[in-house]
Structures are given as C-alpha cells and as structure tokens.
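K.L.:
Dropping a structure here in structure tokens format, bear with me for questions.
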Amino acid sequence: MNQHGALMKERAGVHQKGTFSLLDMINNAKNEPNFKKAGAITLFIGVVRGESKEGEKVEKLELEAYEEKANQTLIDICADLRKKPGLIDVQIHHLLGEFKTGEDLVYVLVAGSHRENMFSVLEEAVERYKKEAPIFKKEHIITKKGEKKTYWTTEGG
C-alpha cells in the first residue's frame, strides 16, 4: 500500500519521489497469484552516490524521464525476464524528482522458486534498465577546485 492506503499494482514504471516505496514493491510481489511458489526475493536498491565518477562531490541529482516510453520499456524488460524458468516476479521501479546523497532512486525485485538463477536475472534487469530506459539525470556537483557545476546525462551514464 502506498502512503494513500491504495495497493500499488504496477509491476514496473517510473514514479514521482514519495509516491512509491520499497514496501509497495515487496507487497506487489507477495500479492502475485504465483507467489506461493517463491522461495526467495532478491532486491537491488540504487541510491544517490555522494561522489561522481571523477571523484567530485555530488550535492544532489534531478531525475526526469520520457515517462510514457520509460514505463513501456521497464514493463517490457520485466515481462521478458519473467519468461525465464523458475521466476515468479520481476519488477523495476525508478523514482523521479530531486534527490540528496544517500536517497533511494530505483528498486529492482526478482522473486523466484530457487536462488540459483535469481542473481543473474537481477543483474540483467539492472543493466538493461540503465541502457534501455529513457531516464535522465542532472548532477549538481562541486569540482575538486570548489566550483559548482551541473550537467545532464542518461541514467546509465
């Protein structure tokens, strides 16, 4: 259930920060009709890193998406991965808005009957959303020289 008390049934998609939670995603999985066959749930939680790839301090991130295309891409990735043997559920939920260091950005869940193939599917789901979904981030950084800069990149970049 989300903060408004309504069960969130989306299997995948982009959501404004504060409208979807990790608990919503886990409840989605547990309410899946085939969940009784599950033996495990694996999770990936992406958070805002406090340092850029170049070692600069990240002040905050702003995330936006081409929402219609991003939703369809995430739904398609999950549907494709759910076809793998032993899988019960695959979900990818990416948050949009403004984020401080350490805040959650993305949740990926894989539920399956056995743990053997779940970790590789979890990794594939993460790699695919980063490459395929039209999600963009604006990084607000402080350079090593103390200058404030901002720049846009794709989520996978």
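Since every read-out is calculated from the coordinates, none of them should be taken as a lab result. All values derive from a computational prediction rather than experimental measurement. With ideal geometry, Cβ positions are generated from the backbone for all residues, glycine too; neighbour counts draw on all protein chains shown.
K.L.:
With +1 on each Lys and Arg Cβ and -1 on each Asp and Glu Cβ, how big is the dipole of the chain about its Cα centre, in debye rounded to the nearest 20? Walk me through the numbers before you get to the answer.
P.N.:
Values: 25 positive and 25 negative charges, 47 e Å.
Charge dipole of the chain: 220 debye, to the nearest 20.
K.L.:
Give the shape of segment 71-120 as rounded, prolate or oblate, defined through the alpha-carbon gyration tensor: a ≥ b ≥ c are the square roots of its eigenvalues, a/c under 1.5 means rounded, and otherwise the shape is prolate if a/b is larger than b/c and oblate if not. Provide the component values of the computation, followed by the final result.
P.N.:
Working: a/c = 4.13, a/b = 1.79, b/c = 2.30.
It is oblate, given that a/c is not under 1.5 and a/b is not larger than b/c.
K.L.:
Pick from Tyr107, Tyr66, Tyr129: which residue has the top mean-square fluctuation in a GNM of the chain where Cα pairs under 10 Å get a spring?
P.N.:
Tyr66
K.L.:
In the Gaussian network model of the chain, springs joining C-alpha atoms below 10 Å, which of Ser52, Ser113, Ser21 carries the largest mean-square fluctuation?
P.N.:
Comparing Ser52, Ser113, Ser21 in the GNM, the peak value goes to Ser52.
K.L.:
Efficiency by 1/(1 + (r/R0)^6): what FRET value for Glu67 and Glu116, r their Cβ-Cβ distance, R0 = 41 Å, to the nearest 0.05? Don't skip to the answer; put the middle values down first.
P.N.:
On the way: r = 35 Å, r/R0 = 0.86.
Calculated transfer efficiency: 0.70.
K.L.:
Which label marks the calculated value of mean projected area of the Cα convex hull in nm², given the options [x] 12.6; [y] 10.7; [z] 9.3?
P.N.:
Among [x] 12.6; [y] 10.7; [z] 9.3, the one calculated here is [z].
K.L.:
What FRET efficiency do you get for Glu54 and Asn34 if R0 is 41 Å and r is their Cβ-Cβ distance, rounded to the nearest 0.05? Don't skip to the end; give the middle numbers.
P.N.:
Working: r = 45 Å, r/R0 = 1.10.
With a Förster radius of 41 Å, E is 0.35.
K.L.:
Relative contact order of segment 49-157: what whole-number percent is it, with Cα pairs under 8 angstrom and at least 6 residues apart?
P.N.:
Working: 186 pairs, mean separation 36.2, N = 109.
Reported relative contact order: 33 percent.
K.L.:
Leaving out same-chain residues fewer than 8 places away, which aspartates and glutamates sit with a Cα under 12 Å from that of Lys30?
P.N.:
Candidates past the 8-residue exclusion: Asp89.
K.L.:
If you don't mind, there's one more thing I want to ask. Quickly rank 57-65, 90-98 as a protection proxy: mean count of other C-beta atoms within 10 Å, highest first.
P.N.:
Working: 57-65: 17.3, 90-98: 21.9.
Final packing ranking: 90-98, 57-65.
K.L.:
I've got another one for you. If you build a Gaussian network model of the chain, linking Cα atoms that sit under 10 Å apart, which residue out of Gly55, Gly13, Gly86 swings the most?
P.N.:
With Cα springs under 10 Å in the chain, the top fluctuation among Gly55, Gly13, Gly86 is at Gly55.
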